[in-house]
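Right, one structure below, let's go through it.
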Amino acid sequence: MGYRKVAVVGAGMTKFVRRSLETGKELSFEASHMALESCQLTLDQIQSVVFGSAPDAFDGVHMKGEYISDGAGAFRKPYMRSYVGGGTGVFTPIQGWWHVASGMFDTCLVVCEEKMSPCQPHPQGAFLTIFDHTTERPLGPNLLWIFALEMNRYMHRHGITEQDIAQVAVKNKKNALDHPCAQIGREVSIDDVMNSEVLAWPVKRLDISPVSDGACAIVLASEEVAKRITDKPVWFEGVGWNLETAYWTNRDLYYPKQVEYAARMAYEMAGIREPRKEINIVEPYDPFDYKELHHLEGLLLCDKGKAPELTRSGVTARNGDMPVCPSGGLLGVGNPIAAAGLMKICELFWQLRGEAGKRQVPGSPRRGLAQAWGDLMQVGTVVVLGR
Amino acid sequence: MGILEKVADNRETKAWYGDIPVQHLYTAGVAGERFLSEIRDNGKILGTLCEKCNFVYVPPMIYCERCFARLTEWVPVSHKGVVESFTVGYIDMDGKPLPEPRVMAVINLDGATSSLVHFLEEIEPDDITFGMEVEAVFRPKGERKGSILDISHFRPVG
Amino acid sequence: MGIKLTERPQAQASGMETLEFKGTALSDEEFKGGKVVTVSGAPNAQYGWDAGVAIGRFLHELKEGRLIGTFCRSCNRIMVPPRMFCEWCFRNTDEWAPLKDTGVVNTFSLCYVTWDMKRLKEPEMPAVIEIDGASPGMGIMHLLGEVDPKKVQIGMKVRAVWKPADEREGAITDIKYFKPM
């Protein structure tokens, strides 16, 4: 296909915190400013801006893309906001990619922000309307239901236990101890997860990522410009996205087919035939611990039902054969929805450049994958980056 | 056969009623914190200056949206300014008549480059003119809460 | 294109340790206790969502104590919740299809919290229930009842427990819950 090569040349992020003093604009500025400084570009060298953020109802600011735009460096620039629920953080860089790949722009600033703390009494209130207003909402659902229903189905189909799944929370929260922006990096045991408060069985308190405020940003450039900006461009090798039916009670929740379709699209573009051998680092979406396993299977990085074994045997540990969420993931770093997805892209950027500090995975990884998931459990978004 | 149906009588349509049960608690942010605290505690209106762009932001921002520099220079601006535009509101949010018409004005404070929006009172709507000089009326110190409403309104100078 | 790049930037200080990450965490007390300046508000919006043609009929049937789906002749699926068009074939569905009020638990949860994270003594038991008479895998979300939470299982046969006819209003809640058969 006739598109141009696109590189990530800079990255920045804020700390992820339960509630920030900074406004959404200010968080966006801090992440964007850091990303620009990291590649020594100034705002006048940015030709386009894309911005990702999840429901307006979190911030309580309608059209928040437009409201926050100046903090994302979009003053008098071509600007777009994208929103595909939880998948936004990995979809927004895809949108940035086509801004540059198409030849329209040589540079694009990609910013994702979420400020969930304004939403009272609980950000879940903003989520209730994702359920069908007539056939589901009258039953008084809460968001945990759909995760619990999916997790239970996944466990049931493969005979997976809650302990198997708890390993992921243990791993990611520990990885996050090494992330300077992490909200809840800590050492926990499988027993700690098992004994934490049952919220919506099988989901327990420590199976879940926290509510967070934060922002991330990356700078994209065309091949020619990227090579003038940095010695270490990180290239987009593949992108993919896909949407399942909104009739979520009409499909088998044990397997995220939309993630598989998105992954196949990205692999084809990247020329990847054997993803298990050709992808060195994975940052799958992990708002709940079972989701990491679910997504590894959807990404074809292991057989259906076998992801817990990879975790148990240490394959997915930071020093394992296929490190998964070396950042600490949403479970450890935090989950400001859209920003959390872009955090995964930032992590790949730093890892592939060998700049991840204490989190650096061994063996000079060449290629990494980030994935997010969302809407009514429908969307899969995948980016493959390589150096 | 399709199963498209025509609704002959609107009363036959069924709707389901609900809301989105959220309320919001916003921080004022790094810039807003200082801006509003200064109004509350000292009755002063501050802006931030971008020297490069020669621009004073009121309300202040921690960055210049034009050049993206971090702004650290805080400058007091005048309580007085001029009316750049205004509108007279006769109805509330739900379309009900207001007991008294209410004037919202865009006001450019002396010393500021950007303008802010606030109430304009103590004047008949018919007497308002563009470029008219107005001044901030602060609430008594004990009643200020760190809100843009600590300035209760603007009024004509003199 | 019009990007002015001056000198190629020098190799930069790299690595996490040299980076400064911004972001100021507030405690609950600072945030809600008035230690920082805050403003509150609510969107104050209420909605009336039209049920539409297919769900309108579905609600009407619920009032009569029946479940109904729609049939697509092209893919041979009987779908519930009913819809006016088949999203696979992208054509109008062909017929209404009466369904039974029994089914099989496809998945379930035992939920001990409300959406605003208040604790429940007895769990709510949401489930996806595959409805008998619809195509395999066609489920709806509903609640389970009259069953010990410990005994709920995937694959369990269940039946709708209806509100008395004079209390039914044409709503999904005209079925109180599903109970084991």
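The values are calculated or read from the model by the stated rules, or taken from the named source; none is laboratory data. Quick caveat, the model's predicted, so the values are computed rather than measured. Please note: Cβ atoms are built from the backbone with ideal geometry, for glycine as well, and neighbour counts cover all protein chains shown.
With A:293, A:301, A:342 as the choices, which residue is crowded, with 24+ Cβ neighbours inside 10 Å and touching a strand residue (DSSP E or B) at 6+ places or on another chain (Cβ under 9 Å)?
The conditions single out A:342.
Consider only pairs whose beta carbons are under 6 Å apart and that are at least six residues apart or on different chains; among these, list those whose first residue lies in region A:153-168 and is farther than 20 Å from residue A:283 by Cα and whose second residue is at pLDDT 95 or above and surrounded by fewer than 19 Cβ atoms within 10 Å (Cβ to Cβ).
Qualifying pairs under 6 Å: A:156/C:154; A:158/A:305; A:163/A:190.
Got a number for residues in region A:185-231 being charged (D, E, K, R), closer than 30 Å to residue A:275 by Cα and in contact with a helix residue (DSSP H, G or I) (Cβ under 8 Å, 6 or more places away or on another chain)?
Matching residues across region A:185-231 total 1.
Hey, can you tell me all the residues within region A:177-208 that are over 25 Å from residue C:114 (Cα atoms), within 13 Å of chain C (Cβ to nearest Cβ) and buried (at least 19 other Cβ atoms within 10 Å of the Cβ)?
A:178, A:179, A:181, A:182
What residue, among those in region A:209-225 that are within 11 Å of chain C (Cβ to nearest Cβ) and aliphatic (A, V, I, L, M), is farthest from residue A:59 (Cα to Cα)?
Kept after step one, since they are within 11 Å of chain C (Cβ to nearest Cβ), are these residues of region A:209-225: A:211-216, A:221-222, A:224-225.
The next check asks that each one be aliphatic (A, V, I, L, M); those that pass are A:211, A:215, A:221, A:225.
Numbers: A:211: 13, A:215: 13, A:221: 30, A:225: 36 Å.
In this case the residue turns out to be A:225.
I'd like to know if region A:59-71 contains one or more residues that are surrounded by fewer than 23 Cβ atoms within 10 Å (Cβ to Cβ), facing another protein chain (nearest Cβ under 7 Å) and either of a type in the set (Phe, Trp, Tyr) or farther than 26 Å from residue C:114 by Cα (or both).
Yes, because at least one residue in region A:59-71 is surrounded by fewer than 23 Cβ atoms within 10 Å (Cβ to Cβ), facing another protein chain (nearest Cβ under 7 Å) and either of a type in the set (Phe, Trp, Tyr) or farther than 26 Å from residue C:114 by Cα (or both).
Out of C:94, C:101, which single residue is of a type in the set (D, E, K, R), in contact with a Leu (Cβ under 7 Å, 6 or more places away or on another chain) and either more than 22 Å from residue A:129 (Cα to Cα) or in contact (Cβ under 8 Å) with a residue 12 or more places away in the chain (or both)?
None of the other options fit; the residue is C:101.
Taking residue B:78 as meeting all but one of (1) modelled with pLDDT under 95; (2) more than 26 Å from residue A:20 (Cα to Cα), write down the number of the exception.
(1)
If I ask for residues that are without any contact (Cβ under 8 Å) to a residue 40 or more places away in the chain and of a type in the set (Val, Ile, Thr), which ones from region A:13-54 would you list?
A:42
Across region A:35-47, which residue is farthest from the other protein chains (Cβ to nearest Cβ) among those that are closer than 20 Å to residue A:97 by Cα and assigned to a helix (DSSP H, G or I)?
Result: A:35.
So residue B:100 ticks every box in (1) over 30 Å from residue A:29 (Cβ atoms); (2) modelled with pLDDT of 95 or more; (3) out of contact with any Asp or Glu (no Cβ under 7 Å at 6 or more places or on another chain) but one. Which box is left unticked?
Failing condition for residue B:100: (2).
Within region A:149-178, work out how many residues are in contact with a Cys (Cβ under 7 Å, 6 or more places away or on another chain) and of a type in the set (A, V, I, L, M, F, W, C).
0
Return yes when residue A:232 is within 12 Å of another protein chain (Cβ to nearest Cβ), of a type outside the set (S, T, N, Q), surrounded by fewer than 21 Cβ atoms within 10 Å (Cβ to Cβ) and touching a Pro at 6+ places or on another chain (Cβ under 8 Å) and no when it is not.
no
Per-residue answers, yes or no, for (1) within 19 Å of residue A:136 (Cα to Cα); (2) without any contact (Cβ under 8 Å) to a residue 12 or more places away in the chain; (3) surrounded by 15 or more Cβ atoms within 10 Å (Cβ to Cβ):
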residue	(1), (2), (3)
C:85	no, yes, yes
C:111	yes, no, yes
C:137	yes, no, no
C:153	no, no, no
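Testing residue A:120 on (1) within 23 Å of the chain's Cα centre (by Cα); (2) facing chain C (nearest Cβ under 9 Å), one condition comes back false. Which one is that?
(1)
I'm trying to understand the selection: among the residues of region A:123-133, which are under 18 Å from residue A:209 (Cα atoms) and either part of a loop (DSSP other than H, G, I, E, B) or at the interface with another protein chain (Cβ under 7 Å from one of its Cβ atoms) (or both)?
Residues satisfying the conditions are A:124, A:125, A:126.
Can you pull out the residues in region A:278-308 that are in a helix (DSSP H, G or I) and aliphatic (A, V, I, L, M)?
A:293, A:296, A:307
Taking residue B:65, is it assigned to a helix (DSSP H, G or I), free of Cβ contacts under 8 Å to residues at least 24 places away in the same chain and crowded, with 18+ Cβ neighbours inside 10 Å?
Working: assigned to a helix (DSSP H, G or I): no; free of Cβ contacts under 8 Å to residues at least 24 places away in the same chain: yes; crowded, with 18+ Cβ neighbours inside 10 Å: yes.
No, not satisfied.
Would you mind telling me which numbered condition in (1) touching a helix residue (DSSP H, G or I) at 6+ places or on another chain (Cβ under 7 Å); (2) modelled with pLDDT of 95 or more residue B:87 fails?
(1)
In region A:1-12, is there at least one residue being buried (at least 22 other Cβ atoms within 10 Å of the Cβ), over 15 Å from residue A:350 (Cα atoms), at the interface with chain C (Cβ under 9 Å from one of its Cβ atoms) and touching a residue at least 24 places away in the same chain (Cβ under 8 Å)?
If we filter region A:1-12 for residues that are buried (at least 22 other Cβ atoms within 10 Å of the Cβ), which is where we start, we get A:6-12.
Among the residues that remain, those that are also over 15 Å from residue A:350 (Cα atoms) are: A:6.
Remaining after also requiring at the interface with chain C (Cβ under 9 Å from one of its Cβ atoms): none.
The answer is no, given that none of the residues of region A:1-12 is buried (at least 22 other Cβ atoms within 10 Å of the Cβ), over 15 Å from residue A:350 (Cα atoms), at the interface with chain C (Cβ under 9 Å from one of its Cβ atoms) and touching a residue at least 24 places away in the same chain (Cβ under 8 Å).
With within 21 Å of residue A:110 (Cα to Cα), outside any helix (DSSP H, G or I) and among the acidic types (Asp, Glu) as the only criterion, which of A:237, A:347 stands out?
The match here is A:237.
Please verify whether residue A:298 is among the small types (Gly, Ala, Ser) and closer than 25 Å to residue A:183 by Cβ, treating the condition exactly as stated. Explain how you work it out, then say what you get.
On the way: among the small types (Gly, Ala, Ser): yes; closer than 25 Å to residue A:183 by Cβ: no.
Answer is no for this residue.
Working carefully through the options A:257, A:291, find the one that is over 25 Å from residue A:8 (Cβ atoms), out of contact with any Cys (no Cβ under 7 Å at 6 or more places or on another chain), touching a residue at least 24 places away in the same chain (Cβ under 8 Å) and not hydrophobic (A, V, I, L, M, F, W, C). Walk me through how you get there before you give the answer.
Details: A:291 fails: over 25 Å from residue A:8 (Cβ atoms).
After ruling out the rest, the residue left standing is A:257.
Whether any residue in region B:52-60 is closer than 16 Å to residue B:138 by Cβ and buried (at least 21 other Cβ atoms within 10 Å of the Cβ) is what I want to check.
yes
Inside region B:42-62, can you point out the residues that are away from every other protein chain (no Cβ under 11 Å) and not in a loop (DSSP other than H, G, I, E, B)?
Answer for region B:42-62, where residues must be away from every other protein chain (no Cβ under 11 Å) and not in a loop (DSSP other than H, G, I, E, B): B:42, B:45, B:46, B:47, B:48, B:49, B:50, B:55, B:56.
Within the group A:311, A:245, which residue is in contact (Cβ under 8 Å) with a residue 12 or more places away in the chain and assigned to a helix (DSSP H, G or I)?
Criteria check complete, one pass: A:311.
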